Amino acid sequence: MYQTLLFEIDGPAAIITINRPDKMNALNRQVLAEIDEAVKAALENTAVAGIILTGSGSKAFAAGADIAEFSGFSPEEGTNLAAVGHGIFNRIANAAKPVIAAVNGFSLGGGCELAMACHFRVASDNARFGQPEVNLGLVPGYGGTQRLVELVGKGRAIELLITADMVKADEAYRIGLVNHVVSQEDLLPKCKDIISKIAGKGPQAVGECIRLAQLATSLEDGYTEEIKTFGAIFQTPEFIEGTQAFLQKRNPQFER
Ligand code: COA
């Protein structure tokens, strides 16, 4: 049914696994569309109390948007890519059932943004988080500039955004990016335990708690501005140099 995902119902949990391990589970447009469909299916399934989103293999949750797919995009295509991504990630953030990111490896760029759109995150000890877009002469385009600030505060967020530094699981826990760090084999069991606990609570009240918590932060202008800026960057020489350098496996040469 899905080309790029595995979808499984396990007791009260729906488990959505991004399944492109040879490409570090990079998020191309098909993956994003299928995540949207799978989340919708899980929300409509009355047997499901909560959703776990994870990546296949032991290396990556998702290493970002698919650089090969978007490297030749025009500003209009870039804007559209960000707008579509924002729509999908907002539907996850506003889902009436809990969505937990089970982060099992690299969670970079769009992958980190996807994890941050989930209601909370559980990491395995090999998880790595980061927004490396500036390496490509780009900015995050799926809500990362806003959600990272919400989760870790402005000072830490700006440093992470402009250094492209990767954060290990224990540091991600320390700064509030993840709620729990467990071993790789305990990752899914831990997330399933949490969903089982939530499954015993009033489902309507659970949905309302999530909805109300989302209202606590309202950064609509920031999200809209991020879509515009992401798109505009697609015509800059540094974006072209940054993406070509990645695809050619060399260091970028940016001009000041
Ligand atoms: N988009 C497209 N392809 C990607 C990708 C992405 N975001 N991330 C990884 N891949 C691909 C690589 O091109 C490579 O493909 P190939 O085998 O056909 O050459 C494959 O996945 C394996 O990645 P590789 O870089 O060889 O693995 P690694 O272990 O040396 O490094 C990472 C892993 C995650 C550190 C590295 O892949 C990386 O930096 N990825 C890009 C992260 C990024 O910039 N994300 C933001 C995008 S906006």
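Largest accessible area first, the residues 180, 119, 86 order themselves as 180, 119, 86 under a 1.4 Å probe with ligands, DNA and RNA left out. Please report, to two decimal places, log10 I(q)/I(0) for region 1-66 at q = 0.17, 0.21 Å⁻¹ as given by the Debye formula with identical point scatterers on the Cα atoms and no solvent. The Cα Debye sum returns log10 ratios of -0.54, -0.79. Spatially, region 7-41 and region 53-81 are offset by 14 Å when compared through their Cα centroids. Per-residue accessible area (protein heavy atoms, 1.4 Å probe) orders 209, 191 as 209, 191, starting from the largest.
Taking each DSSP H run with n ≥ 4 as -39500 (n - 2.57) and averaging over every residue of the chain yields -14500 deg cm²/dmol at 222 nm.
Fully extending the segment from residue 193 to residue 154, taken as 0.36 nm per residue of separation minus the present Cα-Cα distance, adds 10.8 nm. Relative to the longest principal axis of the Cα atoms of the chain, helix 75-93 runs at roughly 20 degrees.
Against the criterion of solvent-accessible heavy-atom surface with a 1.4 angstrom probe, 66, 10, 221, 125 sort, most first, into 221, 125, 10, 66.
One Cα centroid belongs to region 110-134, the other to region 180-256; the line between them spans 6 Å.
Accessible area per residue for the chain, computed on protein heavy atoms with a 1.4 Å probe, is 48 Å².
With contacts taken as Cα pairs under 8 Å at a separation of at least 6 residues, region 1-157 carries a relative contact order of 21 percent.
Summarising the overall dimensions of region 5-184 from its C-alpha atoms, the Rg and Dmax are 15.1, 45 angstrom.
Taking every DSSP bridge with both residues inside region 5-184, close to 25 percent are antiparallel. Computed with a 1.4 Å probe over protein heavy atoms only, the accessible area of residue 2 comes to about 30 Å². Beyond 22 Å in Cα-Cα separation lie the following of the pairs 168/201; 59/190; 59/154: 168/201; 59/154. Estimated at 0.36 nm per residue, the fully extended path between residue 30 and residue 163 surpasses their Cα-Cα distance by 44.9 nm.
The magnitude of the dipole of region 1-68, with charges of +1 and -1 set on the Cβ of Lys/Arg and Asp/Glu and taken from the Cα centre, is near 220 debye.
Dividing the radius of gyration of the alpha carbons in region 104-256 by their Kirkwood radius gives 1.03 for Rg/Rh. Each 5 Å bin from zero holds the following percent of Cα-Cα pairs in region 12-103: 3, 14, 22, 23, 18, 12, 6, 2, 0. With a Förster radius of 25 Å applied to the C-beta separation of residue 8 and residue 94, the computed FRET efficiency comes to 0.60.
Measuring r between the beta carbons of residue 256 and residue 215 and using R0 = 51 Å, the FRET efficiency lands at 0.75. You can think of it this way: the chain between residue 84 and residue 37 has 15.6 nm of extra reach, that is 0.36 nm per residue less the Cα-Cα gap.
Of the trypsin sites (Lys or Arg not before Pro) in region 166-236, the ones in a loop by DSSP (not H, G, I, E or B) with at most 12 other beta carbons within 10 Å are 201.
The values are calculated or read from the model by the stated rules, or taken from the named source; none is laboratory data. Keep in mind that this is a model prediction, so the values were computed, not measured. So basically every Cβ, Gly included, is an ideal-geometry build from the backbone, and we count neighbours across all protein chains shown. What goes into the accessible areas is simple: the full protein's heavy atoms, side chains included, and nothing from ligands, DNA or RNA. Shrake-Rupley method; radii C 1.70, N 1.55, O 1.52, S 1.80 Å.
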